[in-house]
Amino acid sequence: MQYGYFDDENREYVITRPDTPLPWINYLGCQAFFGLISNTAGGYSFYRDARLRRLTRYRYNNVPFDLGGRYIYLRDDQSGDFWSPSWQPVCRDLEDYQCRHGMGYTIIGSRYQGMEARTRYFVPLNENLEVWELTVTNRRDSVAELSVFSSIEFCLWDAQDDATNFQRNFSIGEVEVEPGVIYHKTEYRERRNHFAYFACSAPVAGFDTQREAFLGPYRGWERPLAVERGSASNSVAHGWAPVGSHHVKLRLQPGESRRTIFLLGYHENPAGRKFDPPDSQIIAKASVRPLIARYLDPAHVEAAFGALRSYWCGLLGICQVQTPDVHTDRMVNIWNPCQCMATFNVSRSASFYESGIGRGLGFRDSNQDLLGFVHMVPERARERILDLAATQLASGGAYHQYQPLTKRGNNDIGSNFNDDPHWLIVGVSAYLKETGDWGILDEPVPYDNQPGSEQPLYAHLERSFRYTLDRLGPHGLPLIGRADWNDCLNLNCFSDTPGQSFQTTTNKDGNVAESVFIGALFVLAGHELADIAERRGLGQDASGYRAEVARMEQAMRLHGWDGKWFLRAYDDSGRKVGSAECEEGRIFIEPQGFAVLAGIGLEDERAEAALDSVGEMLATEHGIVLQQPAFSRYYLHLGEISSYPPGYKENAGIFCHNNPWIMIAEARAGRGDRAHDYYLRINPSARESISEVHRCEPYVYSQMIAGRDAPTYGEAKNSWLTGTAAWNYYAITQWILGIRPSYDGLEIAPVIPSGWPGFQAVRKFRGKTYHITVTRSGSGNRVSLTVDGVPVTGNIVPLSNGSATDVSVEVSLH
Ligand code: GLC
Ligand code: GLC
């Protein structure tokens, strides 16, 4: 069953009924000001940091799930009836409800008793504000007298404090009201030099800024007193809960349309010029007024929307494909890169499942995310890499996360994840291959942001690599530390006390438990680092790295193989994890995918054997589960993984993040049918027709789909912010379609389904546009290349300095 459809031409998903199984959301903003918006206009906005600079309030885990947002109410002043054109919160029976989620904007429209209302929400490029552009049309054959009420609930800026510290916060709320503009200035009197504003383009009949005055006592958002009554009370908030609401009256002739623009913005004043007059407590508004005036002008808004559309056109235009499969095209061309940009912007910080106060930018996560967006925003990827590297510790280890506002690392969600440092190498090599910007390796970068500790980025990579060599366990495999990629495989934790955090509790010295997964990651990162060193003319470094990699491969062969698949780990007592010997958790997905992805086992048929085991034991119709059999009870020595009921999350859920590792591994093993089959099993668009089972948005990946051990098998959870976005994009574009940036040019190595006659692609790369046509002329994966009509040996389209900006590439697959 579906709740909408894809409009590929407009790059939109169109939701046709408001009661989706879960809120189906979108992101507004792409630089500093962001908003989350659901299909019923729920959500909130923030500037850079969803905790410290949250503009509007949002109550997570609310009832209903998604309540609170950018609500507009319409009231028929002739009958007194009122409704929300976005359905929530009033929830009248709307006609023609439609929500169009597009690239950086959302349009929600509906009709109710002959009145049509459509609101376009977006954040203009380079601005710290969002526009809500409401158009109301009278489709009746008589004059309509209407009231429009806007509404938002201001947040007290530190969202954590906002949800806990009421004895203070109920007394600090302050606003200023001018005709049409409500300023929220809580704490501006002291250390803040920023404030929020909510403006309206139409003359207002009234306003409210105190929540209780707007809603009325004992009422919720579904029937605000002001709306029911048809008049605002011009309340000015002193303490309690400041809100913003404008009341606008409309008189519309039959067929007449009226546009009203609302702006919600964030603004900073220079520290010494906060007040005007200077000795007053009144916000200086000279710098914000022109901005507000500009965006209350419909012509300017239209132009800003056009600019946003072109921006996205440019981003998506870097890689476009035409294959025989609509789900591949749609995800590669539109939604997957869109999701990659969301993960670039907010990492795992703010979604409908990440509260904006829990996690900052993860070291491991953000480095992997680079794989999905480096081609779209290389300059910003560069900045991200340098920011991440600056939080690396002198030991080579890493803080697990940092806060975007301060760019300082912290241990709030644990530390000593021994896989962390290697992801920096993975991220940097992807950046170098895409851009050829070797200069980044010479950038001086501090450790732990300590001035004076700067070393070239290259030295950071080296320390990342050495970090593991300094931490080898009894089998010569990497010690796991707190955990590796799988946060929940906690082999040094042994937590038996309720309330203890699996992320921070450590009861073992950590000198025994080893991770086969980190072994594979080390091999992959080591190869990349050696390639980098070689190309920098550091041949000796390169051979040193390769020797260590060879040693690790040997350890993996001797101690990381279980007979039919790769082992997962050794626990604190030296027992195997992820082995046929185990009662539960006999086989894990991560080492199968990552070992083969790193090239291990390709020469001795272990790769195929491991992948066959995955196919037999882990693959399901909804994707590949993380391990089998699921843990049916809590295992003290394994930790959080066994805390989840079977089939959920890391305990045998389909953790979508690592499914692409298997896709890539299958591609490396030359098995295109299987690679693409796995790709489709979790492809959101391919799952659209089972939306009642999948339940999350059909246009973006979710972190998890419940595995076959779960009662809700096939149900997705935690959409949007997941490494799944980058890895799937990387798997399909670079390994299945096989269009791969490399140091020497664009490598073309498709491993596509046998039934595909071929495909076409356009890829911009290092200043040129490659027009690629792949034609199957045999059943294998061998490639013959013709570049601008000239046959080329090998499968790399060499970089050329020629002046032509378009390159035509004919590929014969045989
Ligand atoms: C979450 C984390 C990621 C981790 C994964 C597996 O998605 O963000 O860092 O690798 O879970 O535990
Ligand atoms: C929990 C989750 C895991 C996530 C971690 C982040 O352990 O199960 O997926 O990575 O929290 O802190």
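The values are calculated or read from the model by the stated rules, or taken from the named source; none is laboratory data. Bear in mind that the values here come from a model prediction, so they are computed numbers and not experimental data. Backbone-built Cβ (ideal geometry, glycine too); neighbour counts: all protein chains shown. SASA here: full protein model, heavy atoms, side chains in, ligands and nucleic acids out. Shrake-Rupley method; radii C 1.70, N 1.55, O 1.52, S 1.80 Å.
Worth a mention:
- Among the protein heavy atoms of the chain, carbon and sulfur supply 49% of the accessible surface, probe 1.4 Å, non-protein parts ignored.
- What the Cβ-Cβ distance of GLU302 and HIS771 gives, at R0 = 30 Å and to the nearest 0.05, is a FRET efficiency of 0.35.
- Between the residues VAL136, ALA202, SER366, the greatest Cα displacement towards the positive end of the dipole of the chain, with unit charges on the Cβ of Lys, Arg, Asp and Glu, is found for ALA202.
- Distance from the Cα centroid of the range 404-470 to that of the range 474-531 is 19 Å (rounded to whole angstrom).
- Stretched out straight at 0.36 nm per residue, the stretch from ARG251 to ARG92 would grow longer than its current Cα-Cα span by 55.0 nm.
- Percentage relative contact order, the range 513-634, counting C-alpha pairs under 8 Å, at least six apart: 25
- In the chain, Cα pairs under 8 Å separated by at least six residues give a relative contact order of 9 percent.
- Spacing of the two label points (7 Å from each Cα toward its C-beta) at ARG273 and THR164, in nm: 3.8
- Helix 457-469 and the long axis of the chain differ in direction by around 60°, with both axes built from C-alpha atoms.
- Remark: relative contact order (the range 87-157) = 19 percent; criterion is Cα-Cα distance under 8 angstrom and separation of 6 or more residues.
- Electrostatic dipole magnitude of the range 576-673 [Cβ: Lys, Arg +1; Asp, Glu -1; Cα centre; debye, to 20]: 300
- Surrounding net charge for GLN2, when Lys and Arg each add one and Asp and Glu each subtract one, Cβ distance under 11 Å: 0
- Using heavy atoms of the protein chains and a probe of 1.4 Å, the accessible area assigned to LEU225 is about 50 Å².
- Using a simple spin-label model with pseudo-atoms 7 Å out from Cα toward Cβ, ARG289 and ARG536 lie 5.5 nm apart.
- Whole-angstrom gap from the range 668-741 to the range 1-51, using each part's C-alpha centre: 19
- Residue-normalised accessible area of the range 695-814, given per residue in Å² at a 1.4 Å probe: 36
- In the range 431-535, GluC sites (Glu not before Pro) in a DSSP loop with at most 14 other beta-carbon atoms within 10 Å: GLU454
- Per residue, the accessible area of the range 560-607 comes to 33 Å² when a 1.4 Å probe rolls over the protein heavy atoms.
- Of the chymotrypsin sites (Phe, Trp or Tyr not before Pro) found in the range 31-90, those that fall in a DSSP loop while having at most 14 other beta-carbon atoms within 10 Å are PHE65.
- For the range 173-242, trypsin sites (Lys or Arg not before Pro) are listed when DSSP marks them as loop and at most 11 other Cβ atoms sit within 10 Å of their Cβ; the list is ARG191.
- Translational diffusion of the range 399-523, µm² s⁻¹ [Kirkwood Rh, Cα pairs; Stokes-Einstein; 20 °C; 1.002 mPa s]: 134
- Probe 1.4 Å, protein heavy atoms only - accessible area per residue of the range 256-401 in square angstrom: 32
- Net charge contributed by nearby residues that have their C-beta within less than 12 Å of VAL809 (K/R +1, D/E -1): -2
- For the range 93-177, size of Cβ-based charge dipole, Lys and Arg +1, Asp and Glu -1, in debye: 360
- Prolate/oblate/rounded label for the chain (Cα gyration tensor, a/c 1.5): prolate
- Chain lengthening between SER779 and ILE318 when straightened (0.36 nm per residue, less Cα-Cα): 163.0 nm
- In degrees, nearest ten, helix 363-373 long axis to first principal axis of the chain (Cα): 80
- Centroid-to-centroid separation of the range 76-134 and the range 372-393 [C-alpha atoms, Å]: 37
- Helix 606-617 axis versus longest C-alpha principal axis of the chain: approximately 50°, rounded to the nearest ten.
- Expected 222 nm ellipticity per residue - DSSP helices of 4 or more, -39500 (n - 2.57), all of the chain, to 500: -7500 deg cm²/dmol
- FRET E, pair GLN500, TYR60, Förster distance 22 Å, beta-carbon r, rounded to 0.05: 0.45
- Ignoring lysines fewer than eight residues from LYS768 along the same chain, the ones with Cα atoms less than 21 angstrom from its Cα are LYS433.
- Inter-label distance, ARG633 to THR620: 2.3 nm, where each label sits 7 Å from its Cα along the C-beta direction.
- Using Cβ point charges alone (K and R +1, D and E -1), the dipole size of the chain about the Cα centre works out to roughly 1220 debye.
- Options GLN78, ALA459, LEU472, ranked by Cα towards positive dipole end of the chain, top entry (Cβ charges): GLN78
- Summing charges over neighbours of ARG70, with a neighbour being any other residue whose Cβ is under 13 Å away from its Cβ, gives -2 when K and R count +1 and D and E count -1.
- Rg over Rh, two decimals, the range 710-814 (C-alpha only, Kirkwood Rh): 1.10
- Only one residue of GLN281, PRO89, SER613 has its Cα farthest out toward the positive end of the dipole of the chain, where Lys and Arg carry +1 and Asp and Glu -1 on Cβ, and that residue is GLN281.
- Förster-model FRET efficiency, 56 Å R0, GLN760 and ASP19, C-beta, rounded to 0.05: 0.90
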